[in-house]
1. Can you report the number of residues in segment 397-453 which are near ligand 2 (Cβ under 8 Å from one of its atoms), of a type in the set (Asp, Glu) and closer than 27 Å to Met673 by Cα?
2. Across segment 1-19, what is the number of residues that are assigned to a loop (DSSP other than H, G, I, E, B) and within 11 Å of ligand 3 (Cβ to nearest atom)?
3. So for segment 648-660 (the condition being surrounded by fewer than 18 Cβ atoms within 10 Å (Cβ to Cβ) and away from ligand 2 (no atom under 13 Å from the Cβ)), does at least one residue qualify?
4. How many residues are away from ligand 1 (no atom under 16 Å from the Cβ), part of a loop (DSSP other than H, G, I, E, B) and of a type in the set (A, V, I, L, M) when one looks only at segment 31-84?
5. Can you work out which of the residues in segment 45-83 that are within 16 Å of ligand 2 (Cβ to nearest atom) and acidic (Asp, Glu) is farthest from Gln463 (Cα to Cα)?
6. Take segment 563-590 and flag every residue that is touching a Gly at 6+ places or on another chain (Cβ under 7 Å), within 16 Å of ligand 2 (Cβ to nearest atom) and under 27 Å from Asn300 (Cβ atoms).
7. Whether any residue in segment 565-579 is surrounded by fewer than 20 Cβ atoms within 10 Å (Cβ to Cβ) and touching a His at 6+ places or on another chain (Cβ under 6 Å) is what I want to check.
8. Restricting attention to segment 350-363, and to residues there that are loosely packed, with under 15 Cβ neighbours inside 10 Å and modelled with pLDDT of 95 or more, which single residue is nearest to Ser102 (Cα to Cα)?
Amino acid sequence: MDKEVYTQCFMCSIRCPIKVTVENGEVSFIEGNPHVSGMEGSLCPKGAAGKALVDDSQRVQGPMIRTGPRGSGQWRRASWEEALDYVAHRLKTITDQYGGKSVALTERAQLSTHVSKTFLRALGSPNYLSHDALCKGSMNTACRSLFGYTDGQIGMDYSNTRHLVLYGRNIFESIQVKPVRQIVEAMNRGAKLTYIDPRVTVTASKAHRYWMIRPGTDLALNYALMHVIFEERLFDANFLERWVTGLNELRSFVSSYTPEWAAEETGIPAEEIVRFARELGRDKPRVIFHMGYRGAHQVNEIHLRRSILLLNVLMGSVETPGGIFIKKGPGVAGGKPARKLTEQEGLPKPEAPRLDKVGTPEFPLPDPNHGAPQMLPRAVLNQEPYPVKALFAFRFDPLMSMPDTNETKQALEELDLVVSIDIQHSDIAWYSDVVLPESTYLERMDSPQQANSLKPQIFLRQQTLSPRYDTLPGPIILRELARRLGLEQYFPYSSMEELVRWQLEPTGFTLEDFRAKGFLAYTDKQHFWDRESGLAFKTPSGKIECVSSLLEDAGFSSFPPYESPESGESPERFRMVVGRCAQHTHVSTQNNPYLNELVPENTLWINQRAAGELGIKDGDLVRISSDQHSGSIRAKVTEFIHPECVFLLHGFGHESQLAERSFNKGVSDAALMKNVSDPVGGSPGLHETFVTVRPLP
Ligand SMILES: Nc1nc2c(c(=O)[nH]1)N[C@H]1C(S)=C(S)[C@@H](COP(=O)(O)OP(=O)(O)OC[C@H]3O[C@@H](n4cnc5c(=O)[nH]c(N)nc54)[C@H](O)[C@@H]3O)O[C@H]1N2
Ligand SMILES: Nc1nc2c(c(=O)[nH]1)N[C@H]1C(S)=C(S)[C@@H](COP(=O)(O)OP(=O)(O)OC[C@H]3O[C@@H](n4cnc5c(=O)[nH]c(N)nc54)[C@H](O)[C@@H]3O)O[C@H]1N2
Ligand code: SF4
Ligand SMILES: [Mo]
């Protein structure tokens, strides 16, 4: 055996701690890091397929410059010198004419985000756009509206809970390995699981209670639950009195939303709603209403997320074992976090407004640290608020991960420079001018991960293999571009090792300290704040604000009246809902040789009765059409989905012909979707598209 490396998986962005065994310079085995409790040997199918990613000859093998029209697939291989010179020269021409603000960078927030942000700021651009809004932007805003903390600063203590409630949080398929193990262990000790989804998922099959809710009506269920909780005084009175404001307003708001009303709206019987509320009242405060990610995605999503959080608040399940908690940083143990390039003195703070208008009166509340990438196409097309001319797509695919691919393509046409930093022939790479290939997660070291939680820790992705092909780590690519633009003073490193050593300086840890286990703990003790006197909410009042100053000061109501979502109207018209499966990550693993074999294309889940009326049988090819796009897909006719919606897996229908296994397989949900957003929370309404489904002759 050559060596064992403790590092972090990156087949998806959960970053599970892993142990990789290397023999003769090749990966021979990947498993969960046995030093991390809850990870002993555990990995999901995608994590195990990491080896196939490294070995795949269909990934980008070196820098490429496009030679024909965008999307024509005409390329030439280039050296790094040439490709970087080329990009730097084009970038210089653009910023000379249109200013630094004409450059945008879309990214999946990641360990080297501080490098991307530094790159943009050095250029003079405010236009950093992370995936966050598309994943959980409205949840972020909801958390800030109540607690003053972002969702990323809030954790859930699954291990000690008595009742976990999941609203379309299909955690047994859209996996996070460690939480899944914690949930299973809690259930083995008697914890209950309630799962709510218009579709029977694997998680539904493991739940004690499952409700096939009418799509888009979770908010009605939650208002009725609050109604019962107030009526029957099931709340945690001590906690509310000490830490919560605006309860009277909340109580009077939900007074008309009875369980009988919610039953009509959701399809869940009133007496079941009442029984559920009582059960939770008994289990409190050790109950978790999971904030969710991609369950219901409507344009009023902010209020759904707030209602879920408010249920936790009413149960007093905040900062208590078995509930939700505020994550603690190294400070609780007298430690210091790793520093970031963005903390450097003298780094410019661009003053121009953001292209997505986040932080301006037009779109005041989404988190400006992330922005709203779905606003990019219209900003480019309308040249509003100013011309945007260059786009960097870094570990993010604007074509497949944002609604309305056709509109995004039109916007790309208006740009003078499109660069992707990717590991694979993604669709955005296919439509780029230059592709700069990053080394895969097993072939590079990354910036350390500050893992704040009840017990703060710090993790490091250590390099396992030397790069197979002519690739570089992202922070080196950006540094080399910056150097060519005369901005190297903000990039004080020439290798990943130097960058990581610079970052670790304040922590007192060294790079060598990570070799043994891949992570270091600041403390062994769990840190909860004192619920009598020690809670520190970051709202103006210092309390949890049911009537939110964040919302009200921006002119939004904390409790707008409930509006019933549209239903299909005609028998062939359905709300389109989407999601993930255990075998794939979003849009990026469909070409992986192992995973492609497991799930090669998506199918369309359609309710048995609805399909029967349209003459569609299981396995038939059908036409799915929206105002944006149409395609053909096989029907999966099933009783396990609500008749008002159809479901398909996200991430299929790839256009890049260089990814031969995934090319043209299945239909792209992003192409079908219309691009509408929650004006308060900032997320796009990814479940607001109606499609027609017709049998194909
Ligand atoms: N295998 C795998 N695991 C992953 C990921 C991955 O790509 N692959 N990605 C990770 C990431 S970034 C994320 S954000 C999470 C996503 O985690 P989830 O949010 O759990 O993911 P989805 O698979 O999108 O599941 C959404 C579910 O919501 C249901 N749904 C649709 N409409 C409604 C509604 O109105 N009400 C309710 N209650 N449910 C509804 C859908 O039927 C679907 O089952 O997964 C993470 N884990
Ligand atoms: N239509 C639609 N859009 C969605 C969603 C949806 O369900 N439907 N879900 C939303 C959610 S929850 C999320 S989190 C986002 C995710 O959006 P994305 O981040 O775009 O999706 P991923 O598939 O995680 O990765 C995108 C790209 O990263 C590349 N990549 C993978 N690893 C590396 C690496 O190590 N380095 C580099 N440089 N590139 C790498 C992949 O090849 C791929 O091209 O999408 C959101 N957008
Ligand atoms: S959930 Fe799976 S793919 Fe994602 S980081 Fe963990 S092991 Fe890797
Ligand atoms: Mo996500």
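1. So the count comes out to 3.
2. Residues of segment 1-19 that are assigned to a loop (DSSP other than H, G, I, E, B), as a first pass: 1-2, 9-16.
Narrowing the set further to residues that are within 11 Å of ligand 3 (Cβ to nearest atom) leaves 9-16.
Count: 8.
3. Initial filter on segment 648-660 (surrounded by fewer than 18 Cβ atoms within 10 Å (Cβ to Cβ)): 657, 660.
If we keep only those that are away from ligand 2 (no atom under 13 Å from the Cβ) too, we end up with 657, 660.
Scanning segment 648-660 turns up at least one residue that is surrounded by fewer than 18 Cβ atoms within 10 Å (Cβ to Cβ) and away from ligand 2 (no atom under 13 Å from the Cβ).
4. Qualifying residue count for the region: 3.
5. Among those residues, the one meeting the criterion is Asp56.
6. Passing the criteria: Arg575, His586, Val587.
7. no
8. Going through the qualifying residues, I end up with Thr360.
The values are calculated or read from the model by the stated rules, or taken from the named source; none is laboratory data. This is a predicted model, so every value here is computed, not measured. Here Cβ is always computed from backbone atoms with ideal geometry, including for glycine, and neighbour counts include all displayed protein chains.
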